[in-house]
Amino acid sequence: MTTIHNYINGTLVPPAAGNYLDNYNPAIGAVYSLIPDSDHIDVQNAVVAASAAFAEWSSMPLDKRSAVLMKIADLIDRDLSALALAESIDQGKPVKLATVVDIPRASANIRFFATGIQHFSSEAHITGNEAVNYTTRSPIGVAGCISPWNLPLYLFTWKIAPALAAGCTVVAKPSELTPMTAYLFSKLCIEAGLPKGVLNIVHGLGPKVGQAIVEHPQIPAISFTGGTVTGKRIAATAAPMFKKLSLELGGKNPNIVFADCDWEKMLSTSIQSSFSNQGEICLCGSRIFVERSVYDRFVTEFVAKTTLLTVGDPLDDKTKIGPLNSEPHMNKVLSYIELAKQEGGTIMCGGKRVTVEGRCANGYFVEPTVITGLSPDCRTNQEEIFGPVVTITPFDTEEEVLAFANSTHYGLSATLWTENLTRTHRMAAALKSGIVWVNCWLFRDLRTPFGGMKQSGVGREGGWEALKFFTEAKNICIKL
Ligand code: NAD
């Protein structure tokens with residue numbers, strides 16, 4: 001059984017108190033590794049190391065800093081298969097998905113920011129003939145980065161790469177539910193020659209390790225991805241300390257289908273946007289709204305395609321739906337399916353836990369589930385379920401579907417299916433979400449600002465936004 005270590009001051013170390021937590025493989029429902037149950041002492045050690053490393057890392061010539069990061073990205077690519085396997089075992093996602101999406105996107109994140117920093121510039125303004133103003137952007141210091149379990153290495157690197165590229169040193173905490181790829185990543189950092197203390201990874205529970213990072217006075221910026229409830233707590237701690245905060249939170253995203261769409265493309269992409277990674281992607285479209293004239297056809301064809309999705313061992317290439325990430329999470333998803341029934345919903349397919357034969361007999365599998373007949377304002381349609389569960393609701397007009405789509409507290413992403421250009425612009429402008437995908441889903445350009453509106457988040461990541469977040473701007477005004 002692997003024992004995971006913290007990565008502090010360039011070395012792999014046990015937690016100061018010597019305590020460990022069980023790490024489960026959700027496909028078999030059994031413990032397969034141990035993770036440090038770290039506390040504020042480990043965080044303090046990490047902050048000391050990060051503070052000591054800051055002067056050298058932040059003043060290192062950009063090409064040198066970039067080269068170390070590029071080396072780490074190369075090592076991720078070299079170890080693609082091993083990392084994909086580790087992520088599949090840790091999180092439950094089909095290994096194929098980890099191989100094709102998660103791990104390649106992790107190295108892409110690092111390359112993007114490692115090269116981006118070499119093109120990052122600040123501004124100068126000539127104020128009439130009276131003054132010159134120029135802005136400097138300096139790395140803010142030790143950054144705190146906290147990531148969730150659903151896309152473990154991808155989101156971990158999405159947080160730390162801009163911080164490191166910008167010249168910050170980092171104290172990072174991956175989710176305690178999926179620590180393995182961050183642990184393997186720390187070994188790659190050592191191999192790549194990342195100077196000691198530049199990145200420190202402290203494993204453990206959110207309320208212990210995460211909270212200690214958020215409230216540490218020597219960490220001026222917190223970049224967090226996770227649930228909205230946790231985000232509120234982090235904001236409540238960090239705001240009175242005047243910390244910079246980037247919060248990427250939950251979603252309840254609408255997927256809107258008009259009758260004039262490219263039907264086949266819409267149908268196959270909607271299956272992906274509903275059930276990829278067992279629906280455990282913050283950007284999944286869990287509320288599908290369909291124009292009434294094609295509603296019956298959509299339900300029939302969508303349900304038929306859903307029932308063809310293979311639920312099974314995530315290490316099997318045929319598997320489309322792996323286990324949910326943990327037993328409590330599986331129970332939460334199943335409880336929402338029960339709620340949907342109480343709220344008057346009809347289960348068109350799925351709705352139950354699945355027993356997969358063989359080694360996965362005790363895994364946390366739930367059938368992909370399609371529900372109709374619910375009102376858009378019921379709890380099932382308002383709260384984030386974060387599993388393989390979607391609802392389908394008919395609509396009559398643009399105004400009506402906009403009201404449905406915008407009716408939740410969330411505003412992370414929306415998907416729109418139509419070939420009508422003017423409607424596209426009208427709807428895209430009116431949808432209250434940080435990104436609107438038109439006739440596609442999950443297409444990313446890392447240069448674009450990424451983040452949510454309303455309770456889906458505060459701040460924007462991606463591109464210059466992320467690099468700016470980890471720097472502090474200063475304006476210098478020289479009177480001519
Ligand atoms: P979570 O909020 O439970 O945990 C996220 C991280 O925060 C974990 O590392 C956890 O240990 C830590 N944490 C918990 N309590 C903390 C505290 N008091 N202080 C500091 N850190 C603490 O979320 P999760 O269940 O791991 O992830 C699923 C959620 O993340 C979903 O809501 C999903 O929508 C959201 N998410 C959002 C995005 C996005 O980009 N907006 C991306 C992926 C996931």
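The values are calculated or read from the model by the stated rules, or taken from the named source; none is laboratory data. Keep in mind that this is a model prediction, so the values were computed, not measured. Backbone-built Cβ (ideal geometry, glycine too); neighbour counts: all protein chains shown. Keep in mind that these areas ignore ligands, DNA and RNA; they rest on the heavy atoms of the full protein, side chains included. Shrake-Rupley method; radii C 1.70, N 1.55, O 1.52, S 1.80 Å.
Okay, here's what the table says:
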| read-out | value |
| --- | --- |
| Accessible area of the range 134-238 divided out per residue, in Å², using a probe of 1.4 angstrom | 25 Å² |
| Rg(Cα) / (2.2 N^0.38 Å) computed for the range 127-242, rounded to two decimals | 1.22 |
| Point-charge dipole on Cβ atoms (K/R +1, D/E -1) for the chain, about Cα centre, debye to 20 | 860 debye |
| Between helix 152-166 and the chain: long-axis angle, C-alpha atoms, 0 to 90°, nearest 10 | 30 degrees |
| Accessible area (Å², per residue) of the range 254-448, counting only protein heavy atoms and a probe of 1.4 Å | 41 Å² |
| Of Lys71/Lys93; Lys232/Lys320; Lys159/Lys320, those spanning more than 30 Å from alpha-carbon to alpha-carbon | Lys232/Lys320 |
| Stretchable slack from Gln118 to Glu419, in nm (0.36 nm times residue separation minus alpha-carbon distance) | 104.4 nm |
| Sites Arg359 and Glu191, calculated FRET efficiency, Cβ-Cβ separation with R0 25 Å, nearest 0.05 | 0.20 |
| Added length on full extension, which subtracts the Cα-Cα distance from 0.36 nm per residue, His125 to Ala403 | 95.8 nm |
| Taking the chain and dividing mean pair separation by its residue count, relative contact order in percent (alpha carbons under 8 Å, at least six apart) | 19 percent |
| The chain: C-alpha gyration tensor shape, a/c 1.5 cut-off, then a/b vs b/c | oblate |
| Area accessible to solvent at Leu21, 1.4 Å probe radius, in Å² | 40 Å² |
| With at most 13 other Cβ atoms within 10 Å, longest stretch of the chain clear of loop chymotrypsin sites (Phe, Trp or Tyr not before Pro) (DSSP) | 1-241 |
| Stokes-Einstein diffusion coefficient of the range 434-473, Kirkwood radius over Cα pairs, 10 °C, 1.306 mPa s, in µm²/s | 142 µm²/s |
| Among Phe443, Pro394, Thr307 - extreme Cα towards positive end, dipole of the range 254-448, charges at beta-carbon | Phe443 |
| Of all accessible heavy-atom area on the chain, the percent that carbon and sulfur account for (1.4 Å) | 57 percent |
| Percent antiparallel among DSSP beta bridges (both partners in the range 254-448, rounded to 5) | 20 percent |
| Modelled label reach - Ala259, point 7 Å along Cα→Cβ, the range 376-410 residues with backbone N closer than 17 Å | 393-401 |
| Global size of the range 252-406 as Cα Rg and Dmax, reported in angstrom | 15.1, 50 |
| Order of exposure, largest accessible area first, which applies to Met266, Met70 with probe 1.4 Å | Met70, Met266 |
| Inter-probe distance in nm under a simple model that places probes 7 Å from Cα toward Cβ, at Val132 and Ser51 | 3.7 nm |
| Cα-centred dipole magnitude for the range 254-448, charges only on beta-carbon of K, R (+1) and D, E (-1), debye, nearest 20 | 280 debye |
| The range 382-480: proportion of alpha-carbon pairs further apart than 23 angstrom, % | 39 percent |
| Leading residue at positive end of dipole, the chain (Cβ point charges), from Cys349, Ala403, Leu75 | Leu75 |
| Share, in percent, of DSSP beta bridges within the chain that are antiparallel, nearest 5 | 45 percent |
| Per-selection Kirkwood Rh - the range 92-191 (Cα, Å, 1 d.p.) | 15.5 Å |
| Mean residue ellipticity (222 nm) of the chain, computed from DSSP H runs ≥ 4 via -39,500 (n - 2.57), nearest 500 | -11500 deg cm²/dmol |
| Computed label-point distance, nm, for sites Lys332 and Asp22 using a 7 Å Cα→Cβ extension | 1.9 nm |
| Residues Cys440 and Leu205, FRET efficiency given R0 of 30 Å [Cβ-Cβ distance, rounded to 0.05] | 0.20 |
